[in-house]
């Protein structure tokens, strides 16, 4: 690494906050999102969706819709049956997980509100929507199961009769010594918590254009998606197409956060219709469709306790987590992964020896729940950090000191947690100490204390956490899903001396293209401006997993580093022949081949390119210049590269109105090698706000009938600029030894920690009232109820 | 549905099309003028992604029908930089005040109006003013930084 990051080199971009080359385009309206694409002969699809959460579809009368001018075809499942096979969202390594077959359109029964029953293809979306209103569907309503606990009751009707009951997946971890730890504990603290259902609200809704060329039986999908190769496989498989003939092109993606990595019935229908009609079909979800069909997140009820010994050391965690996932385990990643993560991660930073965890995943008649930014982390972190705060209080210690005392010892790494998670190296103490310094913790405590005497209630919430990044094949591959954990990078030196870079990881705004360019430019020795990065087209980029689980920098970055080093060697060996020197005497600086020792300029890359591409006649016959290289990387040292972070939230509660005002937020994170400090900070800030949203505002509120009551942006609250605080971000750097680059991911940590930080700060603020809030979101109403300031019927 | 001829001036160019009365201004801009920098995020007036200028003031492109705007001067992100907002665009890039970029055109147009109305806003005033434009990626801080930076630079000029 030293030869790459030496700051004397002109092209050392690793660790620098360079601007994103693709950002200017987006400020000028030159983005290319799926809905911006208009293909010749393109048709538009709209869906008749179930208004019921659970019902039999007795009949569908499409005649009125089909008769409308501009309507090309109206279809139900029976029309699609020969074009599309159903899917089941299970993975082999989640032992016992089960789910039912899912069809693109309702196959006689609907299992949640919003499930598509019929589809209209028309010349415009407006006409298609007009026609949808003319479809007459006769439903026979069935009792919906909306409450996860009730769904598990022995007499509960199974949502899918063929599965026998409503338990999708169950997992237990038990180190065996938990009961003893609790029976001998000096203190036991416990809590029940509720984690609200919420959703991603990507500003660009899910979008797809499906273009089928019958002459080749080739399908091109323009998709707003995070993982193009995964989609290529899934659409080919379920549409009975040769996977080699399916191409996914992913241009600009207007936010994804985990929403755009799943199989959606409406998107599969659009593709099936394109095959059927042999014309391009566009589907762009509108906002109301997004709320009832984009995967939802969380929906957990947890009960947990923690044991502390007489020395103030945590000896055990014991938890039970129940999550309602809607009627299906989402394909292909399953809806079992989140609970798995809750069990793997709870109490991650601490040195407790005993651990028992029970997780259950339950079917219900609500929208499907699946992986969303932070997957399981916000729940695991909130459970542990709330209990840790309570334990600190009951032992009379400051929460910071209590954490410090209970962290895994710095010299104990690599460390295997009681849940089986392996931590290569964590920096909890260093992060916490830096955090306390950054937020001037002692001053905040003094201010809190002084204001409290004046009747002003402020609270400080601390959080320490671990984050899963750089996944190995253990995440999905071993379970049978064709979701790549490896990723590749191809670099081509062009005759201009510029480099074209193709990478399997994708960009949704995080800055993927930028960091790949930074790494590749550094490794080769050229100016970043001379690298063009291409992502998202399965026809051209190396086969890869795309961007999820914070893998783009760590996995894609390492592949780019290896490719860059290999290309440099190839260039230098050609240069050595041309210059009649030895390759090891040469170097590349700023796009010029130089003598390594004294940096004497010998030849620009453009001259080397000219000779190789156009004047091969001047080269020795046995020289075979290879100016295109591809390298791949799989992280397979550990199941994951864990990062860690510490958060602090400072807030004030108005005890008369129940309003929370966020006063400050600080994060110190350790994602290993920081490739671009600004992008890391911005990932962290955006992540924090995505965690603050569900802690304070965001909730998919369902009626007992399984109806989403607030499925519009006017009713579903997301964080706005005026309510959010400035967020201070700093770093501790512990590079992973699993790669030369040393980078870990940073996409989830903000979202992972923010709900817990708010919860801890809120309960700290309300300490004098002896109340405890653990039911997110923390609305003014809930706060006033807890304080006994309002009574009457509970709205929840 | 009966179509009507609508003529708008969009970025100084006259655009005429026969459209249904229910076509929104945002859809007219995107599908008739083929200017796709104006984004449609919610179609019910909340998210602000479709913010454009109508006769000099910002408006939600999804809350106006195209026929309501007959004869109006419409300005979109595509000519925003022409001597007016280029500094904001540059500042957004410098501060990384965008990630996915979907909200960005609307955010820029709203920020520009803020700075016309109030050349010396406080950070909180910027936050309040931009609260009609949702961003799900950045957490807003970099956007506020960029707008404050431009306010400062414009004052120094």
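Counting Cβ atoms of other protein chains within 10 Å of each residue's Cβ and taking the mean over peptide B:141-148 gives 3.
Rounded to the nearest 0.05, the FRET efficiency derived from the C-beta distance between residue A:67 and residue A:184 at R0 = 56 Å is 0.15.
Look at the Cα gyration tensor of the stretch A:190-233: its axes a ≥ b ≥ c give a/c of at least 1.5 with a/b over b/c, and that counts as prolate. Pairwise Cα separations in the stretch B:4-79 fall into 5 Å bins from 0 onward with the following percentages, short to long: 3, 19, 33, 28, 14, 2.
Using only the C-alpha atoms, the convex hull of the stretch A:737-796 corresponds to 110 Å³ per residue. The order of the peptides A:150-160, A:728-738 by mean Cβ neighbours within 10 Å, most packed first, is A:728-738, A:150-160. Rounded to the nearest 500, the 222 nm mean residue ellipticity of chain B from helices alone is -9000 deg cm²/dmol, with -39,500 (n - 2.57) taken per DSSP H run of at least 4 residues. For the stretch A:1-126, the alpha carbon positions stretch 74, 48, 27 Å along the principal axes, listed from largest to smallest. Can you pull the percent of Cα pairs in the stretch A:287-406 with separation above 18 Å? Result: 54 percent of Cα pairs exceed 18 Å.
Return one quarter of the surface area of the convex hull spanned by the alpha-carbon atoms of the stretch B:1-43, equal to its mean projected area, in nm². With the hull built on Cα positions only, its mean projection is 3.1 nm². With kT/(6 pi eta Rh) evaluated at 25 °C and eta = 0.890 mPa s, and Rh the Kirkwood radius from Cα pairs, chain A diffuses with a coefficient of 88 µm²/s according to Stokes-Einstein. Kirkwood's formula applied to the C-alpha pairs of the stretch B:44-125 gives a hydrodynamic radius of 13.5 angstrom. Between residue A:705 and residue A:733, the C-beta separation translates, for a Förster distance of 56 Å, into a calculated FRET efficiency of about 0.60. Translational diffusion of the stretch B:85-152 was estimated from the Stokes-Einstein equation, with Rh taken as the Kirkwood radius over Cα pairs; at 10 °C and 1.306 mPa s the coefficient is 139 µm²/s.
Computed from label points 7 Å out along Cα-Cβ, the spacing between residue A:409 and residue A:610 is 6.5 nm. Computed as a quarter of the hull surface, the mean projected area of the alpha carbon convex hull for chain B stands at 8.7 nm². Taking 0.36 nm per residue of sequence separation and removing the Cα-Cα distance, the residue A:619/residue A:492 pair yields an extension gain of 43.8 nm. Oblate is the label for the stretch A:361-428. Its Cα gyration tensor axes, ordered a ≥ b ≥ c, give a/c of at least 1.5 and b/c at or above a/b. Mean per-residue shielding of peptide B:87-100 is 6, counting Cβ atoms of other chains within 10 Å of each Cβ. Helix B:141-156 and the longest principal axis of the C-alpha atoms of chain B enclose an angle of approximately 80°. Going from the fewest other Cβ atoms within 10 Å to the most, the residues B:76, A:643, A:618 appear in the order A:618, B:76, A:643. Estimated from helical segments only, the mean residue ellipticity of chain A at 222 nm is -8000 deg cm²/dmol, where each DSSP H run of four or more residues counts as -39500 (n - 2.57).
Every read-out reported here was derived from the displayed coordinates using simple, explicitly stated rules and does not represent laboratory data. Keep in mind that this is a model prediction, so the values were computed, not measured. Cβ sites come from the backbone with ideal geometry, for glycine too, and all protein chains shown count toward neighbours.
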